[in-house]
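Take a look at the structure set out below.
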Amino acid sequence: NTLRPFVNGMNSTSTVISNLTRADNLGIKYGIRVTVSSANVNHLSDIVDYFLVKPNVTEVDLVPITPFDSTGNIIDRKYYPDENIYVKELNKIFSKHYEESHKIAPFSKFLSALKYNGKDYPCGMLGNHMFAVSSNGQVYH
């Protein structure tokens, strides 16, 4: 909720979880992208645990926050995750979910890189196979 409030300032988490539950009930497959920040870096293993048990989740992507927001402004350093905690959490996740590591990025990205022998491989939005949610709660693809 700290980094992803709705435009009106309200918390978005309960709405996102509700919509994901609806997707689960409809049998829609989806991936989760977690922006890793100081607010959640201590809970990454819990987040992965929560989503990997959902049958429709295809991937959980753990991406550290970028230094700039979508308008080009610099994000306050207080939101940057502690890299030591990030590595500790990744180790915990890999140890616990080794058999499912192909569903967890950055592990899946590393495995893809090995598969492609270090050559460039496709990435980015894949046409109509992905969707995003705007800050006002609208879903688009």
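Below, the figures for the structure above:
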item	result
Qualifying positions in region 44-91 - aliphatic (A, V, I, L, M) and touching a Gly at 6+ places or on another chain (Cβ under 9 Å)	V57, V60
Selected residue (only one of L26, L52, L44 is open to solvent by 70 Å² or more (accessible area, probe 1.4 Å) and free of Cβ contacts under 8 Å to residues at least 60 places away in the same chain)	L26
Single condition I65 does not satisfy, out of (1) in contact with a strand residue (DSSP E or B) (Cβ under 6 Å, 6 or more places away or on another chain); (2) surrounded by fewer than 16 Cβ atoms within 10 Å (Cβ to Cβ); (3) over 22 Å from Y98 (Cβ atoms)	(2)
Within region 1-96, helices (runs of 4 or more DSSP H) holding 3 or more residues that are of a type in the set (F, W, Y)	none
Per-region count, region 3-16, residues open to solvent by 90 Å² or more (accessible area, probe 1.4 Å), closer than 23 Å to Y80 by Cβ and in contact (Cβ under 8 Å) with a residue 40 or more places away in the chain	1
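The values are calculated or read from the model by the stated rules, or taken from the named source; none is laboratory data. Every value quoted in this text rests on a predicted model; they were computed, and no experiment measured them. Here the Cβ is made from the backbone with ideal geometry for all residues, glycine too, and neighbour counts use every protein chain on show. The area values use the complete protein model at the heavy-atom level, side chains included, leaving out ligands, DNA and RNA. Shrake-Rupley method; radii C 1.70, N 1.55, O 1.52, S 1.80 Å.
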